[in-house]
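Please read through the structure below; I'll follow up with questions.
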Amino acid sequence: MDTFAFLLDGLLIAAQPINLFYALIGVTLGTLVGVLPGIGPALTVALLLPVTYQLDPAGSLIMFAGIYYGGMYGGSTTSILLNTPGESASIVTALEGNKMARAGRGGPALATAAIGSFVAGLIATLALAFIAPFVVKFALSFGPREYFALMILAFVTVSAAFGDSTLRGLTALFIGLAFSIVGIDQLTGQTRLSFGVPDLLDGLEVTTLAVAMFAIGETLYVAAQGARAPEKVEAVRGSLWMNKADWKRSWMPWLRGTAIGFPIGAMPAGGADVSSFLSYSTEKSFSKHPEEFGHGAIEGVAGPEAANNASAAGTLVPLLTLGLPTTATAAIMLAGFQQFGLQPGPLLFATNPQLVWGLIASLLIANFMLLVLNLPLIGLWVRLLTIPKPWLYAGILVFATLGTIGANPSVFELGLLLTFGVLGYIMRVFGYPIAPVIVGLILGPMAEQQLRRALSISQGDPTVLITSPISALLLALAAVALFVPLILRARGKGQVLAQVAATED
């Protein structure tokens, strides 16, 4: 009953005109960046961090969440009509959806993707509202050693879940941890890694690092690819709506995709790409038309798209209740919370419940907005695919620079922006994930602080970290998290690749 009351209060907050406006901006921007290939919600939220520095925290976070949801919706348009997945989670949608578009069934493919995303987002958001309080009650019993073990779990999961190599992920994490100790040590007052530069005494700005590595690094990487042949956009021919048979073949994949996507998104080692691959495998097993897979099966679009969006809501469970990011966008949203002096976790539900429940309730409203935006305005989103990439990325560079100047007008900060941008480009070239760097910078100081507290209480005895059942369990989960993503990816992607090979033959 308390959850219903909190959710109702949250709806009253989310329904305020200014918050509705922020939600509309978020879902519109999210859909736009989801449609444009190569630009994802993580990059967009990173760009908006310095711009929203002076804005209302609740409105800004509602806008960030809207971008996250909208990016998941919009990614299906590019995959279906352009056969260019913007993110790894959209690979399966491209496999079946583009075949449907080539066969003149692009309209039903886009419709089942949008409605499936709506159904999954609605159910998963309600699940988030009811599950979060139980996780918070559990987390309120945490002490310093449990929080340190939780930080270790976060470090391991972001390293193992992002990218294709755990070793590269760990390397990126240690780069972020090295950045996190720059500045004055809060315990001893001594300077660390500041090299006598006064501007570094306060540490590195998370906003500058996020904008540089996501926006500047991505722009340099795209520019280095050189000119490419223009990609062909499949025209939406025939009916724009689903017929009776399409509805009959789609509704169960929507529900199954939601059931797969939400728990995997909530797992520390989950992610939208894992859930979409597993959903595709499941739909092929349950389908009464397995021969259509690889040739444009509507179940292969409906299930993975539902799983994709359900996992987005699932990702918010560990982020809001434990402060644990499991995707790149969640890592940037964590930076957004800290920008306003907020730390996601159980104490946030106690100290600022209006903000948390307003954010959760705004996701329900955002889902309805996205359904209205995606189905009637598909023609507008398709036209966005004709924007020349040089114009697009030049605008990103200008926006990133102006945003950084607005948040911190300093020549030194602009120098850091360029330096970290080049580092982000180099990491992309060699296949190193970016998100672990951001997570290391954000969570590094907290992990160090909790470890020092735990050792002070135990008078320097390191075994205190494993004498608590909760901390021992979290450390064991961290060990498991090193291997679970590898197993899940090998299973899901192996089946998809086998399907692709069979299709090509």
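Relative contact order of the chain, please, whole-number percent, based on alpha carbon pairs below 8 angstrom and at least 6 residues apart.
For the chain, the relative contact order is 29 percent.
How many percent of all Cα-Cα pairs in segment 345-481 sit more than 21 Å apart?
73
Let me know the shape class of segment 1-41, please: from the alpha-carbon gyration tensor, a ≥ b ≥ c as square roots of the eigenvalues, rounded when a/c is under 1.5, otherwise prolate if a/b is greater than b/c, or oblate.
Judged from the Cα gyration tensor, segment 1-41 comes out oblate (a/c at least 1.5, b/c at or above a/b).
Accessible area per residue for the chain in Å², computed with a 1.4 Å probe and the full protein assembly in place, what is it? The partial results should precede the final answer.
On the way: 20550 Å² over 505 residues.
With all protein chains present, the chain gives 41 Å² per residue.
Moving on to the next point. Filter the cross-link list Lys284/Lys389; Lys99/Lys288; Lys137/Lys284 down to pairs whose alpha-carbon distance in this structure exceeds 28 Å.
Check vs 28 Å cut-off fails for Lys284/Lys389; Lys137/Lys284.
Could you tell me whether segment 124-174 comes out rounded, prolate or oblate from its Cα gyration tensor? Rule is a ≥ b ≥ c as square roots of the eigenvalues, rounded for a/c under 1.5, then prolate if a/b exceeds b/c, otherwise oblate.
Judged from the Cα gyration tensor, segment 124-174 comes out oblate (a/c at least 1.5, b/c at or above a/b).
Same structure, new question: Got a sec? Charge dipole of the chain, +1 on Cβ for Lys and Arg, -1 for Asp and Glu; which of Gly406, Pro390, Leu380 is way out at the positive end?
Value computed over the given set: Leu380.
Per the Kirkwood formula on distinct C-alpha pairs, the Rh of segment 1-127 is how many angstrom?
Values: mean 1/r = 0.0641 Å⁻¹.
When all Cα pairs of segment 1-127 are included, the Kirkwood radius is 15.6 Å.
Right, something else. For Thr188, what is the net charge nearby, where nearby means another residue's Cβ is under 13 Å from its Cβ and Lys, Arg count +1, Asp, Glu -1?
0
What span do the alpha-carbon atoms of the chain cover on each of the three principal axes, reported in whole Å from largest to smallest?
70, 50, 49
Oh, and also: Once the Cα atoms of helix 2-14 and of the chain are each reduced to a long axis, what angle between those two axes, in degrees from 0 to 90 to the nearest 10, is obtained?
Long axis of 2-14 versus the principal axis of the chain: about 80 degrees.
Still on this structure, please answer the following. If the only charges are +1 at each Lys and Arg Cβ and -1 at each Asp and Glu Cβ, what is the size of the charge dipole of the chain around the Cα centre, to the nearest 20 debye?
840
Using the Karplus curve 6.51 cos²θ - 1.76 cosθ + 1.60 with θ = phi - 60°, what ³J(HN,Hα) values do you get for each residue of segment 259-267, in whole Hz, with x for Gly and Pro?
5, 7, x, 5, x, 5, x, 6, 5
The values are calculated or read from the model by the stated rules, or taken from the named source; none is laboratory data. Bear in mind the structure is a predicted one, so any value in this text is a computation, not a measurement. Glycine gets a Cβ as well: all are built from the backbone with ideal geometry, and neighbour counts include every protein chain shown. Please note that ligands, DNA and RNA were not included when accessible areas were found on the heavy atoms of the full protein model with its side chains. Shrake-Rupley method; radii C 1.70, N 1.55, O 1.52, S 1.80 Å.
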